[in-house]
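Before any comments, here is the structure.
What follows is calculated from the coordinates using simple rules that are stated; it is not laboratory data. Keep in mind the model is a prediction, meaning the values are calculated, not measured.
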Amino acid sequence: MLSQNLTGNLIPEAVAVSNEDISLINKLPNPPLVTMNTEDIYVRRCRLANDQIDSRFGRFHIDDIPRLIELVQGAPVLIGHDRQSLGVARFFGGEVEKRGDTTWAIPKFYFPRAYSQSEDLRIMLDSGIYNEASIAFLYQKPTCNICDEDLRQCPHWPGKTYEGKLCFYWYDGIERVTEGSLVYRGAVQGTGFELEYETEENSTGSHDDEKMNFSGESSGRIIHIKHKGRRYTALLNKAQVR
Ligand SMILES: [Zn+2]
């Protein structure tokens with residue numbers, strides 16, 4: 001008979017999963033069949049989309065950034081937009097965050113520790129091998145910034161300059177976020193992954209408040225947003241200094 005003793009310490013999570021995360025996950029559409037506990041999952045954050053011009057010369061309105069957080073709830077995290085495969089994780093919660101001149105949609109995502117490939121995924125994310133993300137979404141109209149017409153009918157070309165003004169198009173009428181993917185090179189500068197935001201209890205630094213011009217009242221880091229008649233809240237964090 002063979003006998004073997006294993007000794008060693010598990011590497012603790014840098015930032016623990018919070019009960020609030022669990023609560024948000026259990027409120028998703030099609031929630032987990034079995035209630036997840038804080039020790040059952042890993043949580044990471046994803047800089048998924050922002051309000052700058054992307055490499056296709058498309059651009060989200062700043063007012064739609066909170067809307068993206070709303071629409072991504074429960075959407076799958078895929079690898080390389082491969083819709084023939086199933087997701088490796090799922091989006092929930094998240095925040096709108098202003099970093100410099102850029103406003104980001106930063107949803108969280110979770111994946112179960114018990115899954116046979118979850119350690120591989122966590123290690124590839126945490127080591128920076130997987131380091132860019134890309135959003136897939138449906139919208140109604142690409143609106144030209146030069147003439148305000150539908151880009152498919154107007155004479156302007158995105159990426160060209162007209163009288164010193166770069167032509168791009170607005171993603172107007174965002175209807176759905178179908179998924180977010182780990183990709184080898186995203187269309188948006190600065191996408192990527194982060195550890196869960198530190199809560200005040202375990203934070204060592206201070207996070208100054210930033211205010212934004214969303215319609216709605218601002219109180220501390222929580223901003224209340226009204227968009228198309230619906231109200232929701234977003235947490236506004238300043239970038240963490242590492
Ligand atoms: Zn035009």
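Numbers for the structure displayed
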| read-out | value |
| --- | --- |
| Taking all pairs of distinct alpha-carbon atoms in the range 107-167, Kirkwood radius in angstrom | 15.7 |
| Fully extended contour minus Cα-Cα distance, from Thr38 to Ser118, at 0.36 nm per residue | 27.3 nm |
| Quotient of Cα Rg and 2.2 N^0.38 Å for the range 19-200, N being how many residues it contains | 1.11 |
| Euclidean distance of C-alpha centroids, the range 51-78 and the range 101-166, integer Å | 6 |
| Rg/Rh for the range 135-175, where both radii come from Cα atoms and Rh is the Kirkwood radius | 1.01 |
